[in-house]
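One structure is given below, encoded as structure tokens.
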Amino acid sequence: IKRKKVKKVIVRNRNLRVKIPSNFESYLENQKITKVERFSKYIILSLSNHSYCLIHLGMSGTIHIINNDSINRVTNSSFYRSPNLPKKHNHVELIFDSCKVVYNDPRRFGFFEIIENYKFLNERFDKFGPEPLSSKFNSNYIFSFFKNKKKDIKSFLIDQNFVSGIGNI
């Protein structure tokens, strides 16, 4: 979807973990996706108006890319690799000229969030710890974080302030 313009946005269910605002569709429509990145558990879509759309999949959310001009029309990014979309839980669709991106979530724990600029994006992730494969996550960092703290290792590992991106599953 990089360098593609969002032609249409369909929201079938606004009641996710965080309710999708009523202006979500009009905000994204006609925006070009300039970059697709990931930080921690978030997918970050950079938009042509220099704002961002964050997508969090929650525990059960999946992203499906459906190509209009392909025999194998569905690319499922989920763990289950099912070619069939359980349409009942298709909550959001981003439609482009040659494909669409479908957000599917039976439990509705995921969410979408619009961030207006780079400063607010940095503030959004300011309290997150480093990712486990980054150079900042090293023995000195771990030792200084653990120093004078008493809690079990699982609590440390799922604490996004200590290390970002690790979940309970």
Give me the percent of the accessible area of the chain that comes from carbon and sulfur atoms, probe 1.4 Å, all protein chains in place. 52 percent
Where Rh is the Kirkwood radius over the Cα pairs of segment 84-132, the temperature 20 °C and the viscosity 1.002 mPa s, what D in µm²/s does Stokes-Einstein return? 156 µm²/s
Relative contact order of the chain (C-alpha contacts under 8 Å, at least 6 apart) in percent is 23 percent
I want to verify the translational diffusion coefficient of the chain in µm²/s; compute it with Stokes-Einstein, Rh as the Kirkwood radius over Cα pairs, at 4 °C and 1.567 mPa s. 74 µm²/s
Determine the per residue accessible area of segment 109-151 with all protein chains present and a 1.4 angstrom probe, expressed in square angstrom. 78 Å²
Within the chain: Cβ-based charge dipole about Cα centre, in debye rounded to nearest 20 (Lys, Arg +1; Asp, Glu -1): 260 debye
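The values are calculated or read from the model by the stated rules, or taken from the named source; none is laboratory data. Note that this is a predicted model, so its numbers are computed, not measured. Here Cβ is always computed from backbone atoms with ideal geometry, including for glycine, and neighbour counts include all displayed protein chains. Ligands, DNA and RNA are excluded from the accessible area calculation, which covers all protein heavy atoms including side chains. Shrake-Rupley method; radii C 1.70, N 1.55, O 1.52, S 1.80 Å.
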